[in-house]
There are 2 protein chains.
Amino acid sequence: MQEFTDTMTSAETIHQQLAFLMELDRLKSVIRQSPLANRSRRENSAEHSWHLAMFALVLSEHAERRVDAAHVVKLLLLHDIVEIDAGDSPIHASGTDKAALERAERAAAERIFGLLPPEQAERFLALWWEFEVGETPEARFAKALDRLQPLLVNTHAGGGTWTENGVTEAQVGERYGPAIRGGSSALWEAAAAQVRLHFSTVA
Amino acid sequence: MQEFTDTMTSAETIHQQLAFLMELDRLKSVIRQSPLANRSRRENSAEHSWHLAMFALVLSEHAERRVDAAHVVKLLLLHDIVEIDAGDSPIHASGTDKAALERAERAAAERIFGLLPPEQAERFLALWWEFEVGETPEARFAKALDRLQPLLVNTHAGGGTWTENGVTEAQVGERYGPAIRGGSSALWEAAAAQVRLHFSTVA
């Protein structure tokens, strides 16, 4: 593989990279369950990824274990790209075939990152996998932010996907708590206060 | 200012940071002139910012002067946030009052970044200003990508804002060329080839 990349010209490299970047445009058409905070429409996965990258830039000081904020940003920019082929999998859906979804996402990662020059494709695949496995401090914090953002949006949008799916306060605790607490107990404390406030107003 | 931040509790800090992050949600409703590549609708500034951050992660090796890719990513994630108050200013619009726009954007930056704890607000303001001034290698490269992305989207969307505004091949060269070439001559060469191809097909 190294041999192959060494013999690629800069023009060929750029050609592959631009094809990958134009393929990414399709993430703007993958629609998530979460609404915008102003409830005007549902969020797409591209703007969600931007929002999460901003969460990482702003909140990294609160990570449970010290993280490289720039690395968290990278993980979050890349983490949803597989949805171009595999679609978004809503947190409140039941009956999802987890093994089938994982196979679909793995195939998507290989196809989409495979559009890049081989060495860069390997690096991007490794970053995506690091997020999926969720064991490094950066991946744990990234996963916490990926739960924190829709939680905040739901409280700002007057319930959002919780109201739609009849999700209870206890279920919010179960479905968001472990991931957020795993990345930052301080952020979970702040989030839990907003959740309590939301359910006390709608009750 | 330092004294003030030192006495802030972590809960107060988080409260301000989350208020800032929820304010950012509004960038998803700022609509740009550029279409999506599939022409289904116009692009918004939040998903555009994500796309640009990906351009930076993928293309930084082609920068005219060596750049810190993570820093380019930061500049691009932040560069359009002022549009929440000041709106998007299309490249092909005529008669824009540049001085008034600059004042509006400066006021927007101070209000929006000012939602953050003071020290962080200063850092983000400085990053936004670094992009605006465009003198560091990272800012020049970021500005090149901010021109390259809509150029590519227009060629993929069969003309996009060029067709809408009757923009000629020469005008594309004048309006996109200097910024892209200033950040990367290799990327300008690749872009110019796509522009030639586009205008040779529509002619």
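Shape analysis of segment A:1-91 places it in the oblate category; the axes a ≥ b ≥ c from the Cα gyration tensor give an a/c of at least 1.5, with a/b not above b/c. Reported value for the protein assembly as shown: 150 Å³ per residue, from the convex hull of its C-alpha atoms. Residues of segment B:15-42 with backbone nitrogen within less than 18 Å of a virtual label 7 Å along the Cα-to-Cβ line of B:A93, please, listed as ranges. Only B:27-35, B:42 fall inside the zone, counting backbone N under 18 Å.
The A-B contact accounts for roughly 4100 square angstrom of buried accessible surface, both chains included, probe 1.4 angstrom. Between copies, the label points of A:R123, set 7 Å from Cα on the Cα→Cβ line, lie 2.4 nm apart, reported in increasing order to one decimal in nanometres. Within the accessible surface of segment B:11-202, defined with a 1.4 Å probe on protein heavy atoms only, the carbon and sulfur portion equals 49 percent. Under the criterion of Cα pairs below 8 Å and six or more residues apart, the relative contact order for segment B:11-202 equals 25 percent.
Relative to the compact-globule estimate of 2.2 N^0.38 Å, the Cα radius of gyration of chain B comes out at 1.10. Span-like helix criteria (full DSSP H runs; alpha carbon extent of at least 24 Å along the helix axis; mean Kyte-Doolittle hydropathy of at least -0.5) are satisfied in chain B by B:137-156, B:185-202. Across the copies of the chain, B:T163 has label points (7 Å from Cα along Cα→Cβ) spaced 4.0 nm apart, shortest distance listed first. With a Förster radius of 56 Å applied to the beta-carbon distance between B:A19 and A:A107, the computed FRET efficiency rounds to 0.90.
Taking every protein chain into account, the 1.4 Å probe leaves A:E119 with about 90 Å² of accessible area, to the nearest ten.
Across identical copies of the chain, B:V202 has label-point separations of 4.7 nm, listed in ascending order, with the point defined 7 angstrom from Cα along Cα→Cβ. Between beta-carbons, use under 14 Å as the cut-off and find the net charge around B:A37, counting Lys and Arg +1, Asp and Glu -1. Combined, the nearby Lys, Arg, Asp and Glu give +2.
Which pairs, out of B:K28/B:K143; B:K28/B:K74; A:K98/B:K74; A:K74/A:K98; A:K143/B:K74, put more than 23 Å between their alpha-carbon atoms? Cα-Cα > 23 Å for A:K98/B:K74; A:K74/A:K98; rest within. The distance from the alpha carbon centre of segment A:20-94 to that of segment B:8-50 is 11 Å, rounded to a whole number. The order of B:S49, B:S94, B:S29 by accessible area, most exposed first and with a 1.4 Å probe, is B:S94, B:S29, B:S49.
The values are calculated or read from the model by the stated rules, or taken from the named source; none is laboratory data. As the structure is a prediction and not an experimental result, all values here were calculated from the model. With ideal geometry, Cβ positions are generated from the backbone for all residues, glycine too; neighbour counts draw on all protein chains shown. Surface areas here come from the heavy atoms of the whole protein model, side chains and all, with no ligands, DNA or RNA. Shrake-Rupley method; radii C 1.70, N 1.55, O 1.52, S 1.80 Å.
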